[in-house]
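These notes concern the structure reproduced below.
Each reported figure results from applying straightforward, stated rules to the coordinates on display, with no laboratory input. Predicted, not measured: the structure shown is a model, and the values here were computed from it. Please note: Cβ atoms are built from the backbone with ideal geometry, for glycine as well, and neighbour counts cover all protein chains shown.
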Amino acid sequence: MKRSCEVAIVGSGFAGSLLARVLAVQGYDVMLLERGTHPRFAIGESTTPLANLSLERLAVRYGLPDCYQLATHGRWMTHHPEVQRGLKRGFTYYRHHPGERFAERGLDSERLLVAASPEDALSDTHWVRADVDHHFVRQAVAAGVEYLDRTELTSAELEGGSARLYGRRDGGALEVEAGFVIDASGPGGFLARQLGIPSGLERTHTRAALMYSHFDDVRLMRDEVPTLPEGPYPDDWAAVHHLIDEGWMYSLRFDHGTTSAGFLLTPRGLASFGAHAGAEPALLWRALLERYPTIGRLFGGARATMPIGFVPTVQHRLTRAAGAGWALMPHAYAFVDPLFSTGIAWGLRAVERLALAFEDTARGSRKPDEATLARYDAALSAEGDQIDLVVAGAYEALAHFDLFAAQAMLYFASVSFAEVSQRLGGGDDVAWNGFLGVGDPVLAPVARESFERLRRITGATGAPGTAAERMAFVEWIGRAIAPRNVAGLADPARHHLYPVDFDVLMERHALLGLSRAALLERLPALRGLGPEPTFAEPRARGVGASDSARLDRKSLAGMRTGDESARMPTPGLS
Ligand SMILES: Cc1cc2nc3c(=O)[nH]c(=O)nc-3n(C[C@H](O)[C@H](O)[C@H](O)COP(=O)(O)OP(=O)(O)OC[C@H]3O[C@@H](n4cnc5c(N)ncnc54)[C@H](O)[C@@H]3O)c2cc1C
């Protein structure tokens, strides 16, 4: 079987299939090559406001209404109830201690809730990846992508900026000639191996083992500790994080009752269960439930819907993300940790960036130029480092809840400022804005400094430091994020319970470079009360992409801001 195409994409997770579809909509001849078949199980399920903002932008720019509908829980339920998902109102954290039930101390409990949406209808979601990825593959095929599943690629040759991929399908040999190849095949990616790209893992700090499955009959924390003070949203309808001495556990509840859960254990934490603790994941899982009684009560009666999986080191990192004729999607290039749910947002941002890169070339060489690929490579490198520093700092901060809650403020300040400025600012190039404060002169350096300060406090041994050291760190974080703190974070009067607060946003209008009146005018759009966008018309296959009619830029700007003239400069962001 011999095939040729303009763009070959290896791997049909959401990132590969969405990018394939967007390029097909632009008129490219695209092949999507998948080793397995859909629907298939995958982890990495919790979305964030920035992820959903990317989905909305892709929807409007390329005429993909389903992407807009899947960007909030309310629209999803109205338009695609058959695609399973869970309601995610925010980020919930509890600190547990070995041998002790979770301590209910009212507003002084070791509990942090940060709302990501003001109400259920506008909220983020947990994706049941089997359903969501399958949906995106079907949509790619409908857009004209040639999809080959059960395809085992064995080798690749890259010469003169074009690629030849070799493999097997249906018992026969397969050869694909492609003008450009994109690796969306995740960790240990196909192309990365073929190109022999060296690992860059040694430049990173985060290390954790993973144990995971899906479970039925997981109890709710609110049922287990019913006297906890009311938070800004129901605690369990969130990405729930149980922080423990050895690492942390995620727990993501889907609307149909199943929960995706997993423990991330530091090397020291794993070793505390014995030298061969990972060999029997089910035993290690039970040992953790016994060590932490409240988690034990939540999961003690739960049934794993598949065997508990174990990965000794979940992190990976490469030293190059793009070159002549090829590019890696973020998950093929690097993965840090599920903490702070950066994966989907980063992956979707890369879909936007590569889609823009191909847009610019649609009339010429029909592949991104060297400078754009170098920009992509540099962006992923800086962002991979930044995610690692923020997450590695949070692992250090597990030593004491006050440190953790403060370090989390750095993440929330970065993403809330980015979300508000992007919703207000828009613009064609916004997808190139740095992720997690990269390129922002205020926030970019804070991640490393914070990590180093935390290391000095803990001595990299998990020591909690003195009360004075912790207090100094908490105060320093508050000062460091202040110029970007549009969400009222790091406020002791909140007792770690943060709603979406539009009054605070109004008060801090100057941080966004806007007058109070100008922000007030844009507030309905920010509150999700703006007009429904109009979507660009999908184009027929094979049509050049850069005609101005194709992109309804007015509707893109109008989606959140009302009209073109509502654009504002975004302070401090690259
Ligand atoms: C424990 C854990 C929890 C996570 N939680 C979150 C979270 O809550 N929120 C979040 O945003 N992110 C999370 N992530 C990250 C998230 O999983 C990834 O960002 C996401 O899966 C990336 O999607 P993708 O489409 O790029 O790749 P993948 O989902 O990895 O898909 C790759 C596809 O390529 C196929 N493939 C692989 N090799 C080949 C080959 N040789 N040839 C052809 N096809 C191939 C695979 O079958 C698969 O279909 C988590 C990750 C982990 C490990």
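Some points to look at:
- Unit Cα scatterers, Debye sum, the stretch 497-539: log10 I(q)/I(0) for q = 0.31 Å⁻¹: -1.11
- Under the Karplus curve 6.51 cos²θ - 1.76 cosθ + 1.60, θ = phi - 60°, whole-Hz ³J(HN,Hα) for the stretch 200-215, x wherever Gly or Pro sits: x, 4, 5, 7, 9, 10, 7, 9, 7, 8, 10, 10, 8, 6, 10, 10
- Two-site FRET efficiency, L107 against E157, from Cβ-Cβ distance with R₀ of 41 Å, rounded to 0.05: 0.05
- Convex hull projection area averaged over all views, the chain, Cα basis, nm²: 24.4
- Contour minus Cα-Cα distance for D149 and D170 (0.36 nm per residue): 6.6 nm
- Taken along the Cα-to-beta-carbon direction at a fixed 7 Å, the label points for A142 and T534 span 2.2 nm.
- Debye-sum result for the stretch 160-238 in log10 I(q)/I(0), which assumes one identical scatterer on each alpha carbon, at q = 0.13, 0.19, 0.27 Å⁻¹: -0.76, -1.00, -1.34
- Volume per residue of the C-alpha convex hull in the stretch 424-532, rounded to whole Å³: 146
- Bridges between two residues of the chain, per DSSP, are antiparallel at a rate of about 70%.
- In whole angstrom, the stretch 342-422 maps to an equivalent ellipsoid with semi-axes of 34, 13, 8, each derived as √(5λ) from the alpha carbon gyration tensor and ordered largest first.
- Rg/Rg_globular for the stretch 209-302, with Rg_globular taken as 2.2 N^0.38 Å and Rg from C-alpha atoms: 1.10
- Multiplying the residue separation of D223 and V311 by 0.36 nm and removing their Cα-Cα distance gives an extension gain of 28.5 nm.
- When the stretch 101-218 is reduced to its Cα atoms, the Kirkwood hydrodynamic radius in Å: 19.8
- Relative contact order, whole percent, for the chain stands at 19, derived from Cα pairs under 8 Å and 6 or more residues apart.
- Comparing Cα centroids, the stretch 135-186 and the stretch 448-486 end up 47 angstrom apart.
- Relative intensity, log₁₀ I(q)/I(0), of the stretch 399-461 from a Debye sum that treats every alpha carbon as a point, q = 0.13, 0.20 Å⁻¹: -0.43, -0.81
- Computed from the C-alpha gyration tensor, the three semi-axes of the ellipsoid equivalent to the stretch 73-166 are 43, 22, 13 Å, from longest to shortest.
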